[in-house]
Amino acid sequence: MNDCSHIHMTIDQKKAIRIASTLKVLADPMRLRIISLLLSKEAGSCVGDIAKEVRLSPSATSHQLAKLEDKGIVTSTRDGQMICYRLVDCHAVQDIINVINHFN
């Protein structure tokens, strides 16, 4: 059994709300599938390609990606009519990867 009694951390209300909000966004299986897909595509991927891979409509995929973008997990670039997304290179994404790998 792991003993975590040595870990001490307190967070204020504002930070707790921000963290909980982000975790709610990550708690969706489809958004986790999108993150997993983007992990394999360093250059990112456009909405239509992501939609095909995760078997969602482009509009539903865009909706899911907007939630991820709002939390700073992905970023988008526009090229004419096409919008492409990639994961933001940050510690939070690495933590998400660690959680996903924990369940493999």
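The values are calculated or read from the model by the stated rules, or taken from the named source; none is laboratory data. Quick caveat: nothing in here was measured; it's all calculated off a predicted structure. Backbone-built Cβ (ideal geometry, glycine too); neighbour counts: all protein chains shown.
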Q. Restricting attention to the stretch 58-72, which residues are more than 14 Å from Ile19 (Cα to Cα), among the acidic types (Asp, Glu) and out of contact with any Ser or Thr (no Cβ under 7 Å at 6 or more places or on another chain)?
A. none
**Q.** The listed residue being at pLDDT below 95, in a helix (DSSP H, G or I) and more than 21 Å from Ile96 (Cα to Cα), out of Lys14, Lys24
**A.** Lys14
**Q.** Answer from Ile19, Ile35 - the residue that is assigned to a helix (DSSP H, G or I), modelled with pLDDT of 90 or more, under 26 Å from Asn101 (Cβ atoms) and β-branched (Val, Ile, Thr)
**A.** Ile35
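Yes or no, residue by residue, for (1) surrounded by 12 or more Cβ atoms within 10 Å (Cβ to Cβ); (2) outside any strand (DSSP E or B); (3) among the hydroxyl-bearing types (Ser, Thr, Tyr); (4) touching a Phe, Trp or Tyr at 6+ places or on another chain (Cβ under 9 Å):
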position	(1), (2), (3), (4)
Ala43	no, yes, no, no
Thr61	yes, yes, yes, no
Arg78	no, no, no, no
Tyr85	yes, no, yes, no
Asp89	no, yes, no, no
**Q.** Asp49 vs. criteria part of a helix (DSSP H, G or I), surrounded by 15 or more Cβ atoms within 10 Å (Cβ to Cβ) and free of Cβ contacts under 8 Å to residues at least 12 places away in the same chain
**A.** yes
Q: Return yes when Leu26 is touching a residue at least 24 places away in the same chain (Cβ under 8 Å) and under 18 Å from the mean Cα position of the chain (by Cα) and no when it is not.
A: yes
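Counting only residues that are among the small types (Gly, Ala, Ser) and at pLDDT below 90, which one in the stretch 38-69 is farthest from Ile83 (Cα to Cα)?
Ser40
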Q) Would you say Leu56 is within 21 Å of Lys24 (Cβ to Cβ) and assigned to a loop (DSSP other than H, G, I, E, B)? A) yes
Q | Selection status of Ala43, more than 20 Å from Ala27 (Cα to Cα), out of contact with any helix residue (DSSP H, G or I) (no Cβ under 9 Å at 6 or more places or on another chain) and of a type in the set (Gly, Ala, Ser) | A | yes
